[in-house]
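Have a look at the structure below, then the notes.
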Amino acid sequence: MPLDLYYNIISPPCRVVLLFAKWLKLDLNLIELDVLKREHYKPEFLKLNPQHYIPTLVDGDVVVWESSAILIYLAEKYGATQNDTLYPKDIAQRAKVNQRLFYDISTLLRSVTAYYHPILMGGEGKLEDFKKVQDAVAVLNRFLHESRWTAGEHITVADFAIAVTVAALDGLLHFDFSLYPNVHRWYEQCKRELVGYTDITKEAAQKTQSFLERFRAMREAEQHQLCSQPQQQGQRQQPEAGEQQGQEKQQYIELQTQKPRERNGAETIKQQRPVRGEGADDSTKMATED
Ligand SMILES: N[C@@H](CCC(=O)N[C@@H](CS)C(=O)NCC(=O)O)C(=O)O
C-alpha cells in the first residue's frame, strides 16, 4: 500500500522526503498542498497534523511530520538492508548522524533562512547573517574533511537533509562553494549519486519561480491596501533604515574585494556578493518563506 505524502515540491523539507523515498524506491501517493491557498489549514489536514506542516507522511495509522523524523521513520521501517548504514544502530555512529541532522536544522538551514528572509520580502540580506551562512558552511566543510559523506564513509539520512539545504544555498544565493572544497566535492557527488536529485531540484526551481511571483503579487496587494488606509498617529518611516542599508552595501563591497584571508584559523571569507531574490532562478527554501 502506498504511503501518503502531503507535500509541495517548492518546500525544501518536502524535497528531503521525496529524495529519500526515491532512494528507498518507495511508492508514494503524493498529495500536493498549496500554502498560498492555505490548503494546509483544511480541516481534514488539520485532523492529521494540527501543526499544519508539510511534509506530513501517513503510513496506515502512523502519521509523521518534521522531515528529520520522517527520514528516521522511513530508514528504520523501510531501509531494511541499508538500515545499518542509513541510520546506524550503533549508538556512537547514530549520535553522529543525529548531530548532523540537528546541525542542518538548527545551524545551516537556520542561517540560510535568516539571511534569505529579508530578500524574499523585497529587501536585502544582512551582512552579519551572510557571515553566519559562511560559518555554517565552514563547519560542513570540516565534517567532510576526511569522510566521503557527512557522517562517515556511508551515506546516511543526514546527507539527504543537508543536500537539499545546500542545493537551496546554490540556487537562491549562488553561494560560491569553491572556497569550501570538501563541500564542493560532496555537493557534486550528491548530484551524481542521489537518485532524482537534479530532476527534483530543477522542477522545484521552476515551480518556485511562479510561487515567488504569486507571493509578491499577494504582498503588493496587501501593502497597497495598507497604504490606502490613513496612517495611525505616531507611525512613521524610520529614517535610519536606508542609511543602515547603505553602510551594509559598502561592507559587502569590502568583503568582495578583500584578499582571501584566514578566518577562524581555517576558512577564507572571500565570497561572491549574494544576489537579491529577484534573480534567483533555482530552488528555494520554502521554510524561509513562512
Ligand atoms: N522543521 C520542519 C519545517 C516544515 C516547514 O516549515 N514546512 C512549511 C513549508 S516549508 C510549512 O508547512 N509551512 C506552513 C505552516 O507553517 O503553516 C520540517 O523539517 O519538516
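Sorted from fewest to most neighbouring beta carbons within 10 Å, what does the list 117, 145 look like?
Details: 117 18, 145 9.
Exposure proxy ranking, most exposed first: 145, 117.
Stretch residue 1-residue 220 to full length: gain in nm at 0.36 nm per residue minus the Cα-Cα span?
74.4 nm
So, counting K/R as plus one and D/E as minus one, what does the shell of residues with Cβ under 14 Å around residue 46 add up to?
Cβ neighbours under 14 Å give a net charge of +1.
May I ask you to work out the translational diffusion coefficient for region 3-198 at 25 °C, viscosity 0.890 mPa s, via Stokes-Einstein with Rh from the Kirkwood sum over Cα pairs, reported in whole µm²/s?
141
For residue 207 paired with residue 99, estimate the spin-label separation in nm (one decimal), with each label point 7 Å from Cα along the Cα-to-Cβ line.
3.5
Once the other residues with Cβ under 11 Å from the Cβ of residue 1 are scored (Lys, Arg +1; Asp, Glu -1), what is the net sum?
Spelling it out: positives minus negatives among the neighbours equals -3.
How much of the DSSP beta bridge set in region 3-198 is antiparallel, as a percent to the nearest 5?
Antiparallel: roughly 60 percent of the beta bridges in region 3-198.
Please tell me which of these pairs span more than 20 angstrom C-alpha to C-alpha: 25/47; 37/207; 22/77? Before the final figure, lay out each step's value.
Numbers: 25/47 28 Å; 37/207 15 Å; 22/77 15 Å.
Where the Cα-Cα span goes over 20 Å, the pairs concerned are 25/47.
Can you give me the convex hull volume of the Cα atoms of region 28-117, divided per residue and expressed in Å³?
It is 126 Å³ per residue.
Read the figures in this text as sums done on the coordinates, not as results from a lab. What you are looking at is a predicted structure, and each value in this text was computed from that prediction instead of being measured. Methodologically, a virtual Cβ is constructed for each residue, glycine included, from the backbone with ideal geometry; neighbour enumeration extends over all protein chains shown.
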